[in-house]
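The values are calculated or read from the model by the stated rules, or taken from the named source; none is laboratory data. Quick caveat: nothing in here was measured; it's all calculated off a predicted structure. We place every Cβ from the backbone using ideal geometry, glycine too, and count neighbours over all the protein chains shown.
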C-alpha cells in the first residue's frame, strides 16, 4: 500500500499541495480527478521524489520514502508514466525497455511479459522511440515502467490524445495490472473511463483530496464531477 499523509509541497514559494492525504491499495485502481491546477500531477511527482515535501510523509508498505533521492524511488517498485511520456527518443524500443529492466535488475522473463502485453512493440524493437506513433510511444512508456515489476503504478492521463483503439488497449492494460495485484493510481479526466476502470475516485481540489468515493457509488451525472472536475 502507498500511503500519503498530510503532505505539503510545491515549487519554490508556490505551494500546491496543502495537507493532502491519500492511499492506494494493492489490486485496486484509484482514479485522481480534479480541475487543471488542482495538484494532481504534483501529487504524482511528490510520490516520485521529484517535488520535495515541506510537511507530511509518504510510505510504501509502511516504509517512509519521502526524502529519498528521486532515482531511488523506482528501485523500490514504483513505476511512473508522466504526461508527455518522457521516452529516450534517440534510443530504440529495445534500449528504452532495457533502461526499465536495469532499474530493478530484471531480465528476459519480464521483458517477454511486457512484449506479450504489447505485441506491437515486439515488431518495433529496433525502431527509434521518436519515430513511433503517439499510441506506440504511450505503449513503450507504460512497457518501460512495467519492466520494474512495480508494486505501484502511477499513470498521468495515459489516454490523452489517443485514438479509440489505443485507449481500449491501455484500459485493458490497467485492468491487467489490477489483476496482478498492482496498486494503480490513474489521473484521468474522462468520466466514462473512470467509471469503467476505477475502484475508488479521489477528487482533488486546491491541493487537497476533498472527497474519496467508491466508483460503484458514482454515475455519469454524479454531482462530484460537476463540483470538482467542471463537467
Among the listed residues 197, 148, which satisfies the condition of being under 17 Å from residue 118 (Cα atoms), touching a residue at least 40 places away in the same chain (Cβ under 8 Å) and touching a strand residue (DSSP E or B) at 6+ places or on another chain (Cβ under 6 Å)? 148
Could you list, in sequence order, the residues of segment 120-137 that are in a helix (DSSP H, G or I) and in contact (Cβ under 8 Å) with a residue 24 or more places away in the chain? 121, 129, 130, 134, 135, 137
Identify, please: which residue in segment 90-113 is surrounded by fewer than 17 Cβ atoms within 10 Å (Cβ to Cβ) and assigned to a loop (DSSP other than H, G, I, E, B) and is, among those, nearest to the chain's Cα centre (by Cα)? 104
For segment 25-42: of the residues being in contact with a helix residue (DSSP H, G or I) (Cβ under 9 Å, 6 or more places away or on another chain) and not in a loop (DSSP other than H, G, I, E, B), which is farthest from residue 199 (Cα to Cα)? 33
Output for Cβ contacts, cut-off 7 Å, separation at least six or different chains, first residue at positive phi and without any contact (Cβ under 8 Å) to a residue 60 or more places away in the chain in segment 26-52, second crowded, with 21+ Cβ neighbours inside 10 Å and assigned to a loop (DSSP other than H, G, I, E, B), reads 49/73
Is it the case that residue 149 is modelled with pLDDT under 95 and under 20 Å from residue 40 (Cβ atoms)? no
